[in-house]
1. Restricting to segment 252-278, name every residue that is part of a helix (DSSP H, G or I), farther than 29 Å from residue 393 by Cα and open to solvent by 70 Å² or more (accessible area, probe 1.4 Å).
2. If you take the residues of segment 242-267 that are among the hydrophobic types (A, V, I, L, M, F, W, C) and out of contact with any helix residue (DSSP H, G or I) (no Cβ under 9 Å at 6 or more places or on another chain), which of them is farthest from residue 374 (Cα to Cα)?
3. For segment 346-362, check the following and say yes or no: at least one residue is out of contact with any strand residue (DSSP E or B) (no Cβ under 9 Å at 6 or more places or on another chain), small (Gly, Ala, Ser), within 30 Å of residue 181 (Cβ to Cβ) and surrounded by fewer than 20 Cβ atoms within 10 Å (Cβ to Cβ).
4. Looking at (1) within 23 Å of the chain's Cα centre (by Cα); (2) open to solvent by 90 Å² or more (accessible area, probe 1.4 Å), which is the one condition that is false for residue 301?
5. Open to solvent by 10 Å² or more (accessible area, probe 1.4 Å) and modelled with pLDDT of 70 or more: is that true of residue 26 in this structure?
6. Examine segment 74-89 for a residue that is in contact with a Pro (Cβ under 7 Å, 6 or more places away or on another chain), modelled with pLDDT under 95 and open to solvent by less than 20 Å² (accessible area, probe 1.4 Å), and state whether such a residue exists.
7. Cβ-Cβ distance below 9 Å, separation of 6 or more or different chains: which pairs start in segment 276-295 with a residue that is more than 15 Å from residue 124 (Cα to Cα) and end on one that is open to solvent by 40 Å² or more (accessible area, probe 1.4 Å)?
8. When residue 249 is evaluated against the numbered criteria (1) part of a helix (DSSP H, G or I); (2) within 21 Å of residue 350 (Cα to Cα); (3) at pLDDT 85 or above; (4) of a type in the set (Val, Ile, Thr), which criterion, by number, is the only one it fails?
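The values are calculated or read from the model by the stated rules, or taken from the named source; none is laboratory data. Being a predicted model, the structure only gives us computed values, none of them experimental. Methodologically, a virtual Cβ is constructed for each residue, glycine included, from the backbone with ideal geometry; neighbour enumeration extends over all protein chains shown. Each accessible area value is taken on the protein alone, full model and side chains, heavy atoms only, with ligands, DNA and RNA left out. Shrake-Rupley method; radii C 1.70, N 1.55, O 1.52, S 1.80 Å.
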Amino acid sequence: MEEEAPSLSTTTTTTTSTITSPLLLHERWRHHLRLKTTLCAELSGAVGDLGTYIPIILALTLVSHLDLSTTLIFTALYNFTTGLLFGIPMPVQPMKSIAAVAISESPHLSLPQIAAAGLSTAGVLLLLGATGLMSFLYRFLPFPVVRGVQLSQGLSFAFTAVKYIRFNQDLAASKSTSPRPWLGLDGLLLALSSLLFLVLTTGAGDNGHTHNPSTENTINRRRSPRLNQRLKVLSQIPAALVVFLFGLILCFFRDISILGDLKFGPSKITLLKITWEDWKIGFVRGAIPQIPLSILNSVIAVCKLSGDLFPDKEASARTVSISVGVMNFVGCWFGAMPVCHGAGGLAGQYRFGGRSGASVVFLGIGKLVLALLFGNSFVSVLNQFPIGILGVLLLFAGIELAMASKDMNSKEESFVMLVCAAVSLTGSSSALGFGCGILLFLLLKLRELEFSRVGFLKSKSEESSKDDEATSLIP
């Protein structure tokens, strides 16, 4: 009888935890979706990463006949899931290297080949996450090298954004064309006005908020009450959302005939047929260049940035890696664009006010509504969206990501970070910059290790000689 009591207690505890676990899970989801700021700020943050999302999706739709409706539906589902899972504005963005190959290289990748590339990349990330290797990499990678990858990605976004603002774009060919005229519904004056509006309303992006409440209170006390009130009013304007909706309205002014192109109802979702040849081409041309970028930017950099922006909610490298794998294993079979979690998207959504999982859930609702209402016909609207405005949104996202690299504690760390970033930008390869950064970091540590050993031996010999002298003086 004495041995049965612990068994009964264990059974009762297990039953209780089984009953309460759905309630705890529901409470966790509610906490992740609870607004951390105002509703307007979360809505503004929701569109913070569209500067990269729209141009890539639009180009793939025009060049590779990507199914826009399917992509919007599945990325909406991904937004719902990541909002509930992470509790931060974790972005869902197209895999950029695969998109670049599909658009710019000849012959263009077909839709089954794009799907094969995404599935291959997803398989690698899923394996790394499930086995714990991704967590190992994240834990032991040198901090300055990770910052170098972030800096290069942020500056790359910023450079692309400036091109979007200054020059007309041929998205189907993935290149800039003639200088953008000053006037017009997609002119330089419109882009600069949007830039001015975002700077005046959002400032440098902090809106007076810091991670340290005492620092924030000190800053507020130094300002006059009138200035604090004015900044508070400006911070409550959903600036990015206003700019995006303004651009959406301009689509119809640029070409009123697109109203006739819109058709109500979602497009049909079909299962792709991927041949062995598609797998070979997709893996060699698409997955091989994408895998290192996904590991570095979509997992390691985004986890580090999440810890910087949300110290109490740093995303797990294992969870993020598995999340990317599962998302693509669900959607790629149906022709949805391969996606990942990008540090640039997280920076953009944070920059414009996103602070909780609700921000990406709102974005998912918008995508789902558009897909169900208009299906593939909505591409005619996106085709008229002012590229200059997208460039402005992308510029702020890139600068926010690059600014995460400001916390280097020594000249040595800054040296490693800047070399890593410079090589990444010059060679257009994060993997190349990452490799050079690791090598430089190890060389610097080896140099210190050699000198420290010499110093250690020297100090030991000096100490022993001093001890001998002290001993000889004792009578």
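1. Listed by number, the residues that qualify are 276, 277.
2. The first filter runs over segment 242-267 and keeps only residues among the hydrophobic types (A, V, I, L, M, F, W, C), leaving 242-246, 248-253, 256, 258-259, 262, 264.
Checking which are out of contact with any helix residue (DSSP H, G or I) (no Cβ under 9 Å at 6 or more places or on another chain) leaves us with 245, 249, 253, 256.
On the way: 245: 17, 249: 16, 253: 19, 256: 16 Å.
Among those residues, the one meeting the criterion is 253.
3. No.
4. Looking at each condition in turn, residue 301 falls short on (2).
5. No; evaluated as a whole, the condition is false for this residue.
6. There is no residue in segment 74-89 that is in contact with a Pro (Cβ under 7 Å, 6 or more places away or on another chain), modelled with pLDDT under 95 and open to solvent by less than 20 Å² (accessible area, probe 1.4 Å).
7. 278/110; 281/110; 285/105
8. (2)
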